[in-house]
Number of protein chains: 2
Amino acid sequence: MRTHFCGELNKSDLNSQVKLCGWVNRRRDHGGVIFLDVRDKKGIAQIVINPDTANTFKLAETIRNEFVLQITGQVVARANEMVNSKIPTGEIEVLASHIEILNSSKPIPFQLDSMETSEEVRLKYRYLDLRREEMQKRLRLRSKVTHFMRDFMDSNDFLDIETPFLTKATPEGARDYLVPSRTHEGNFFALPQSPQLFKQLLMMSGFERYYQIVKCFRDEDLRADRQPEFTQLDVETSFMNEDEITSLMEEMIRGLFKEVGNIDLPSKFPTISYKKAINLYGVDRPDMRIPLHMVDVNDIMKDVEFKVFSGPANNKNGRVAALKVEGGASISRKQIDDYTKYVSIYGAKGLAYIKLNEDGPSSPIIKFLGDDVTQKVIDLTEAKTGDIIFFGADKSKVVNEALGNLREKLAHDLNLYNKEWAPIWVLDFPMFEVSDDGSLNAIHHPFTAPSVDSKTLIDNPEDSLSRAYDLVINGSEVGGGSIRIHQSDMQKTVLTLLGIDDEEAKEKFGFLLDALDYGCPPHGGIAFGLDRLVMTLSQTESIRDVIAFPKTQTAACLLTDAPSSVSKAQLKDLNIKVTLPTRV
Amino acid sequence: MRTHFCGELNKSDLNSQVKLCGWVNRRRDHGGVIFLDVRDKKGIAQIVINPDTANTFKLAETIRNEFVLQITGQVVARANEMVNSKIPTGEIEVLASHIEILNSSKPIPFQLDSMETSEEVRLKYRYLDLRREEMQKRLRLRSKVTHFMRDFMDSNDFLDIETPFLTKATPEGARDYLVPSRTHEGNFFALPQSPQLFKQLLMMSGFERYYQIVKCFRDEDLRADRQPEFTQLDVETSFMNEDEITSLMEEMIRGLFKEVGNIDLPSKFPTISYKKAINLYGVDRPDMRIPLHMVDVNDIMKDVEFKVFSGPANNKNGRVAALKVEGGASISRKQIDDYTKYVSIYGAKGLAYIKLNEDGPSSPIIKFLGDDVTQKVIDLTEAKTGDIIFFGADKSKVVNEALGNLREKLAHDLNLYNKEWAPIWVLDFPMFEVSDDGSLNAIHHPFTAPSVDSKTLIDNPEDSLSRAYDLVINGSEVGGGSIRIHQSDMQKTVLTLLGIDDEEAKEKFGFLLDALDYGCPPHGGIAFGLDRLVMTLSQTESIRDVIAFPKTQTAACLLTDAPSSVSKAQLKDLNIKVTLPTRV
């Protein structure tokens, strides 16, 4: 139906007879001549219709934006004053001899390039929104990313193996999407939150190297950057340790960024321990582009009369920390008020600070700290005139979250980045976190191997570390994995520590426990969040920008109006009933 | 953890110090020496443990089948009389200096290479079953197939775009799997039976070329070769007609078979019309390896006294057809009885035949037909001495199904194949099939474009053909697609003919109908059944042989015991209730 793409025409095609297909991006009538900008997936070409081609001209008068056309014509050079050097096809135009309207279009409900259209309207008419060059580019980028990943994995001898979508419910923290079974009355499948157990079974099956780019499902309350269905590059391998796995994956990520984004990541990614990350940056996914870090000032605050500081400083679960911002003395009172509100989201009751003005330190709290302690803080934070020092003093968790997030907000507001790309491996995670009731929860999942032996783990679970690793780029956790438990005894120990008794374990993943008894190899793996990676690479802030047909924050599709009600007959067939009163 | 793979060791590695990892395939004690066959994903190597390495020997005595080992040792040549030319590593063995037991194994519940194990046991212990070389090979083949497909599609500028799994229920004949929504109380998502509507929307979005290898779901009663979740290569393109699409896809299939199976398919696949396929072979997925075809004998049977034949011959919905089998006169009476039973599955009330023996035609029915008609049948079928002619006489549908399936059964039993690979495109499908109540159903789906204009379609829907195409290889439908309707009016006409009124259409796929109004390009596509293709390529007869974790025929997973019951709390959260009495 076409001989060329609109976007690929250039001076080398001069005088060629061409056939083009595409959409009318814009129509202009100028000096008795009709100009059409026609768009296809490669770009835009200008079509000229002269009144001397009378029939075609008459037809062209009926043409509106977004009509679909097939154009026959000749490539000619534009007059010098008409050359548009901003677009690749700007030196030529196509003199139409014949136009076929393949389809008409009603006036579209919003202007494609208008940034004022609400996201709701864009999602409802997603097929129009996707015509925008930006969206086309992002989905092309996404396709390139998966292509690169697959090539890399294939060339490293990993096998692409599909795991099931209709699976057994597993307890991985967040909620399962359930699927009623028709043939097994009253029973349910669950959509996988990840192929974790199946990829481990594939290692037990002797495949040794597995990968898959696969949809996963989590029925959580949706945050800005989450979707109920998301995609991951899922990887598992036998007979490789954490150094080997992280090196190989690092090589892939480095290659990916170079190939797809022309971005040079460091030849060896730095690493940081979980403990140090929390201590310095307050979060386990530190954004290393930001040259700010917390400084512990507990010791010097223990005896100050300022209870807000001395209280937490003397509490074993408390923390007093300082965050110095170079040049921050110019931050206004109003801005400080805004930051105080901001840290309150994380439970902080206030935001103390010291400004280092030309005439010395200034702050409402100096009088409570005394000059001596104030000087010690200045020394510890290496602050200079013109800087500001913020403080957090509360339970450690509150201080870390408040100052950790404040650090990122300050960096964003004041553009405090000292590099464009900062990948880092976070290592040495604890095995467990302790709930308020003293029970243990797995930080990653119950199949993560500890880096200590059974006895040490049982004696001191809270201080035991795991063999897990997360990859963080620019403050976004793009991947995470671990060496798995491959021995039955250790798996039972961990489940017991997690408070999962034999019966529960058997019911939930007895098949995995059985499989550990039949020659399970040492193995480990990783999963990368594809949506997050593509967001990072395309530097967009909404996950919906990198998904063709995303859901809203309430997990609905505005385009198809899903989810929707279904017939009673369908439900009867599945042996289920909706327990709500019918709404009229 | 390893320096080499077991299966890759050969004479070039002689004297090398190696580290290997793998499973014990077999242990033998011979002449005071222990031999271990150790298996990894590349193959098997023989490990030798001499009593003079006392500690290692002692450890080796405790080793059983399927233990996981790390072996350190030296590659040495086998004694001449010990060389095994059947395996790649048969000229060498590894003299172990150190063995580390990475994991032990309980005795496994069945012998991996025993063919007597029931499929039920194999599926329950799928992770052991998958250790078999055959299963490893098939899943490797599958991975190669998808790799080839993706390369082909990418290099032809198709974009890999993901479509949603949590979608709106659509009416495509078979039953939807439903997913209750937690956030939208009382509403449901459906798992996609195919991404049909989304891929059409992508064309309306201007992507022009889309593909995806994607899971689809159908909650049907399961036949031998169906799974509730299955995978397809899904393709859609704008501005290409059926010739262009089928040529390109044919090129992919030809390349795939060559690359993955070293199979030469013809340089141009033959085509056949739906009508001719039914007429000659009784089915719309003819196995063209079989040199048998039906011959219409209606005309000569109209006046015979044998009512069994003259009845259908004079009925406009009836058919009398002959199927000649060369050399078939040797088929025994008992075999004919078996075939008679076989065709009764398809509703045939008997299976008349004429044998052409040395001494002339012989059959219980000749006396009813008369010599003249018998001779005409022989002439029409070009039968010769030694042949047999089978007859079908009934409603056309019964005759076609009975003789069509008999044709395939005869070919299978008597090995009547005249080529190894026979692809064929089936074209010119009718738009509709007529139900017994006179209503029309779409043969493909309601979005398939007719090859006639609206008026002709409305005037004579039953005789109107569609722009659909199916690819059949060796009697298996491996792919099917069509040019889609791209104009709103035509789509409404087809929906009206299908008895779908405006309200129903709006509720079910109003978004698609809307989208047709905003500049929808001409487009079409195809989907290939990946499981079926891999089955064909690996020449296995069970779909479960090409899926890592398949479901049984009742849509259950014997390994994980899914589907299963869930807690009342989970159901309450989803606002649904099981309507069965609780079973104790």
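The values are calculated or read from the model by the stated rules, or taken from the named source; none is laboratory data. What you see is a predicted model; the values in this text were computed from it and never measured. Here the Cβ is made from the backbone with ideal geometry for all residues, glycine too, and neighbour counts use every protein chain on show. Heavy atoms of the whole protein, side chains included, go into the accessibility calculation; ligands, DNA and RNA do not. Shrake-Rupley method; radii C 1.70, N 1.55, O 1.52, S 1.80 Å.
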Check your understanding: Before we move on, is A:Ile272 under 15 Å from A:Val426 (Cα atoms) and part of a strand (DSSP E or B)?
Key -> yes
Practice item. Considering each of B:Gly255, B:Gly206 in turn, give the residue that is among the small types (Gly, Ala, Ser) and over 25 Å from A:Leu139 (Cβ atoms). Key: B:Gly255
**Study point:** Whichever residue in region B:85-129 is free of Cβ contacts under 8 Å to residues at least 12 places away in the same chain and within 30 Å of B:Pro51 (Cα to Cα) and, among such residues, is surrounded by the most Cβ atoms within 10 Å (Cβ to Cβ)
**Key:** B:Lys106
Revision key, fill the gap. Of the listed residues (A:Glu433, A:Glu420), the one being surrounded by fewer than 16 Cβ atoms within 10 Å (Cβ to Cβ) and either of a type in the set (Phe, Trp, Tyr) or over 23 Å from the mean Cα position of the chain (by Cα) (or both) is A:Glu433
Check your understanding: Among the candidates A:Ile443, A:Ile424, which residue alone is touching a residue at least 60 places away in the same chain (Cβ under 8 Å), under 30 Å from A:Arg289 (Cβ atoms) and among the aliphatic types (A, V, I, L, M)?
Key -> A:Ile424
Exercise for review: For region B:397-407, indicate whether the set of residues that are under 29 Å from B:Tyr211 (Cβ atoms) and crowded, with 19+ Cβ neighbours inside 10 Å is non-empty.
Suggested key: no
Exercise for review: Tell me, please, whether a residue that is of a type in the set (Phe, Trp, Tyr), at the interface with chain A (Cβ under 9 Å from one of its Cβ atoms) and in a loop (DSSP other than H, G, I, E, B) can be found in region B:125-142.
Suggested key: yes
Study note, to complete from the structure: Across region A:190-205, the tally of residues that are touching a Ser or Thr at 6+ places or on another chain (Cβ under 9 Å), without any contact (Cβ under 8 Å) to a residue 60 or more places away in the chain and facing chain B (nearest Cβ under 8 Å) stands at 4
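Residue under question is B:Pro228, and the condition is that it be within 14 Å of chain A (Cβ to nearest Cβ), out of contact with any Cys (no Cβ under 8 Å at 6 or more places or on another chain), in contact (Cβ under 8 Å) with a residue 60 or more places away in the chain and not polar (S, T, N, Q); does it hold?
In short, yes.
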Check your understanding: With respect to A:Lys86, is the statement that it is of a type in the set (Lys, Arg) and modelled with pLDDT under 95 true?
Key -> yes
Revision key, fill the gap. Those strands (runs of 3 or more DSSP E) completely within region B:309-367 that have 3 or more residues that are under 21 Å from B:Asp296 (Cα atoms) are B:318-325, B:353-357
Practice item. List the helices (runs of 4 or more DSSP H) that sit entirely inside region A:497-584 and contain at least 2 residues that are loosely packed, with under 14 Cβ neighbours inside 10 Å and more than 8 Å from chain B (Cβ to nearest Cβ). Key: A:502-516, A:568-573
Point to revise | Out of A:Met149, A:Met135, sole residue that is within 23 Å of the chain's Cα centre (by Cα) and outside the structural domain of A:Asp501 (by TED's automatic domain parsing) | key: A:Met135
Check your understanding: Which one of A:Leu233, A:Leu201, A:Leu191, A:Leu256 is open to solvent by less than 10 Å² (accessible area, probe 1.4 Å), hydrophobic (A, V, I, L, M, F, W, C) and over 30 Å from A:Leu512 (Cα atoms)?
Key -> A:Leu256
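So which of B:Ile108, B:Ile71, B:Ile101, B:Ile63 is under 30 Å from A:Asp154 (Cβ atoms) and either in contact with a strand residue (DSSP E or B) (Cβ under 6 Å, 6 or more places away or on another chain) or not aromatic (Phe, Trp, Tyr) (or both)? Reasoning before the result, please.
Details: B:Ile108 fails: under 30 Å from A:Asp154 (Cβ atoms); B:Ile101 fails: under 30 Å from A:Asp154 (Cβ atoms); B:Ile63 fails: under 30 Å from A:Asp154 (Cβ atoms).
Within the list B:Ile108, B:Ile71, B:Ile101, B:Ile63, the selection yields B:Ile71.
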**Study point:** Options B:Arg218, B:Arg209: the member that is more than 20 Å from the chain's Cα centre (by Cα), more than 7 Å from chain A (Cβ to nearest Cβ) and open to solvent by 30 Å² or more (accessible area, probe 1.4 Å)
**Key:** B:Arg209
**Study point:** Candidate set from region B:151-174 (those that are within 7 Å of chain A (Cβ to nearest Cβ), in a loop (DSSP other than H, G, I, E, B) and not aliphatic (A, V, I, L, M)); member that is nearest to B:Leu495 (Cα to Cα)
**Key:** B:Lys168
Review point. Which ones in region A:454-496 are within 27 Å of A:Leu202 (Cβ to Cβ) and free of Cβ contacts under 8 Å to residues at least 12 places away in the same chain?
Key: A:Thr496
Point to revise | When residues of region A:9-55 are limited to those that are part of a helix (DSSP H, G or I), free of Cβ contacts under 8 Å to residues at least 40 places away in the same chain and not hydrophobic (A, V, I, L, M, F, W, C), the one most open to solvent (accessible area, probe 1.4 Å) | key: A:Asn55
**Study point:** Given (1) open to solvent by less than 50 Å² (accessible area, probe 1.4 Å); (2) in a helix (DSSP H, G or I), index of the condition A:Lys58 fails
**Key:** (1)
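For region A:394-460, give me every one of the strands (runs of 3 or more DSSP E) that falls completely inside it and has 1 or more residues that are closer than 20 Å to A:Gly282 by Cβ and in contact with a helix residue (DSSP H, G or I) (Cβ under 9 Å, 6 or more places away or on another chain).
Strands (runs of 3 or more DSSP E) meeting the threshold: A:423-427, A:432-434.
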Exercise for review: All but one of (1) hydroxyl-bearing (Ser, Thr, Tyr); (2) touching a residue at least 24 places away in the same chain (Cβ under 8 Å); (3) farther than 30 Å from B:Pro521 by Cβ hold for B:Ser267, so report the exception by its number.
Suggested key: (2)
Exercise for review: Confirm whether B:Met149 is under 20 Å from B:Gly255 (Cα atoms), touching a residue at least 24 places away in the same chain (Cβ under 8 Å) and open to solvent by less than 20 Å² (accessible area, probe 1.4 Å).
Suggested key: yes
Exercise for review: Consider A:Ile263 carefully, then state whether it is open to solvent by less than 10 Å² (accessible area, probe 1.4 Å), at pLDDT 95 or above, of a type in the set (Val, Ile, Thr) and farther than 25 Å from A:Ser451 by Cα.
Suggested key: no
